[in-house]
Amino acid sequence: MRTSRALPGEARAAFLFLAPGLSIIGLFFLLPIGASLLLSFADFDIYALADPTNVRLSGLANYGALVRDPLFWIALRNTCYFVFAGGPLTLGVALGAALLLHSRRARAKGLFRTIFFAPYVTTLVGVAVVFRYLYHPRFGLIARGLHALGIAPIDWLGDPHWAMAGIILLSIWKNFGYAMILFIAGLSNIPETLYEAARLDGASSWQIFRRITVPLLAPTFLFLGVITAIGYFQFFAEPYVMTSGGPLNATLSMGLLMYKQGFRWWNMGYAAAISFVLFLIILAVSLVQFGFAGRKDA
Amino acid sequence: MRRRPGTLLLHAALVAGAALTLAPLLWMISASFMSPGEANSVPPPLLPARATIQNYRELFTRLALGRAFANSLLLSSAVTLVSLLLNGMAGYAFAKLRFTGRDRLFRALLAAMVVPTPVAMLPLFLLLRSMGLVNTYAGVILPAGATILGIFLVYQFARALPDDLLDAARLEGAGEWTIFRRIVLPLLKPVLATLGIVTFLSTWNDFLWPLVVLTGESRYTLPVALAILSGEHAQDTELMMAGSVLTVLPVLILFLALQRSYISGILIGGVKE
């Protein structure tokens, strides 16, 4: 390896090339992460914001308050509901779309792929506003569609039992295209000869799917599962725009609670504690992936 | 030509899926041309009885969404340009320049990627406040000026550049900056195109940080302005749909034009907004 032989000219150049980017990341990302941990152990509220000498270290007080705060548990439960219902549904729809598009008999694949992917690039706030109206129990297009099927109108965003389902539906619509692209890539990496051999042995389509497609897609599943969970754990804009966390806190997410505590009520120490709990959950999910990946390498 | 029923079913499913996927976007566009109040009737109309651009006129005059549009365009372009340059330089340095501790530094940087950005947000706000950067464009551009993911993407691509080419240029007495500018940058074009479109779209679509740091109406980006308007004008369906079109359509068009670069970004780096 040539990396061991450091040349003075190159080292100086490397320093100059790295300095601007790494300074920005250090100052605006790494430093704040450390400060956030500190903040979560401090009594930092609106008085501290006005005059920093009011800040007191408070140990684990913020975390203690968190555990006693019913809103925190509601937000945690809602967030888990969103991740563990919305995540698998998103991947399921994505896999379905990918299988359809991967079929050799499918025509106009490029066009369909573009259409299915398009929602992913749209502005979340923009489409959340659109879905608010689509969900209207009287004037919404979805009520009209359900009516045509003989289903009574649902007050999607006004009913605490349905509000989270409404947000999950929006998220599936918006995100399945991303997972679909990666599933298609995973499917096309499966050698055609495996399928041919299985067919020669008289395997049914279901057996082929179950015994060849699913096992060979496992790495894709794992990657998508983790990355979808990480993204979904942080959901914020959907309830902010569509429900403000209501009705009756049915769609209050950890992200929204952190925002409200930190930037609306300026309980920044408390909000930092929420953000760290969220971080620990996300870290645990990432470690699951590393654990699996490591076991495969071994 | 004989069609098997399976083929027919396959295409029926594809067409139905495409219709469901497009319906919200098509209705958004259609409703944005309806007269005020028209969308709120039973049964809800699919097309405007008489198309009007009145909603758009109102967005740009009374609601001054033109300003938010300009802010979004300015910030997305600036973040894209700055981060392309800084991520490009850093990614290339990690991939090709030899210095002690390089691999350790790079691994440490990658490890920090597991921390989700909202964790840094509260102290970042306090930091920018002490620097006097709250409610300034710099408050959005500076923190986004370089990203670990961006550096990683460039690094992966730049590793494949031939060392001989760079060493030959050095032997001829070219300085490191000249080599970067004249040889490396042109060769990095594909990955910079990918990173550029991904960065532009994610900055345009970003909501949480602009909402936090841009506190004055004259600085709002489109998503922030739209979210706040949608609270005040909840009943004005047609007007809000025009606002959504103005927010969503530019990124959709940009994506359609540069689709290949964008999708390759997803495939190489698992790029996620």
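Where a number appears in this text, it was derived from the coordinates with a stated rule and is not lab data. Owing to the predicted nature of the structure, the values given are computational and were not obtained by experimental measurement. Virtual Cβ from ideal backbone geometry, glycine too; neighbours counted across all protein chains shown.
Computed values, structure above
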read-out: Residues B:SER218, B:SER261, sorted so that the one with the fewest Cβ neighbours within 10 Å comes first; value: B:SER218, B:SER261
read-out: Degrees between helix B:102-111 axis and first principal axis of chain B (Cα, 0 to 90, nearest 10); value: 20 degrees
read-out: Computed over chain A: relative contact order in percent, which uses C-alpha pairs under 8 Å that are six or more apart; value: 27 percent
read-out: Sparse-neighbourhood loop sites, chymotrypsin sites (Phe, Trp or Tyr not before Pro) in the stretch B:124-171 - DSSP loop, at most 16 other Cβ within 10 angstrom; value: B:TYR137
read-out: Point-to-point label distance, B:ALA12-A:GLN207, nm (Cα→Cβ direction, 7 Å offset); value: 2.8 nm
read-out: Angle in degrees between helix B:65-96 and the longest Cα principal axis of chain B, rounded to the nearest 10; value: 30 degrees
read-out: Sequence-distant residues sharing a close amide H with A:ALA42 (under 5 Å, placed H); value: A:SER58
read-out: B:ALA23-B:ARG57 pseudo-label distance in nm [points 7 Å out on the Cα-to-Cβ vector]; value: 3.3 nm
read-out: Inter-centroid distance (Cα atoms) of the stretch B:91-107 relative to the stretch B:18-41, Å; value: 52 Å
read-out: Inter-part distance where the stretch A:122-145 and the stretch B:210-273 are each reduced to a Cα centre, Å; value: 16 Å
read-out: Net dipole in debye of the stretch A:61-297 [+1 Lys, Arg Cβ; -1 Asp, Glu Cβ; about Cα centre; nearest 20]; value: 380 debye
read-out: In the stretch B:136-193, the trypsin sites (Lys or Arg not before Pro) that fall in loop regions by DSSP, at most 13 other Cβ within 10 Å; value: B:ARG159
read-out: Cα centroid of the stretch A:224-298 to Cα centroid of the stretch B:152-180, whole Å; value: 41 Å
read-out: Dipole of chain B, positive end: most advanced residue of B:TYR56, B:TYR262, B:LEU208 [Cβ charges, Cα centre]; value: B:TYR262
read-out: Largest-first ellipsoid semi-axes for chain A, taking √(5λ) over the Cα gyration tensor eigenvalues, angstrom; value: 39, 33, 18
read-out: Kyte-Doolittle at least -1.0, axis length at least 24 Å by Cα - qualifying DSSP helices, chain A; value: A:8-25, A:163-188, A:268-297
read-out: Tilt relative to chain B, helix B:222-232 - C-alpha long axis, 0 to 90 degrees, to 10; value: 30 degrees
read-out: Loop sites in the stretch B:130-225: GluC sites (Glu not before Pro), DSSP, at most 16 other Cβ within 10 Å; value: B:GLU172
read-out: Top positive-direction residue, dipole computed over the protein assembly as shown with Cβ charges, set A:TRP156, B:MET241, A:ILE190; value: A:ILE190
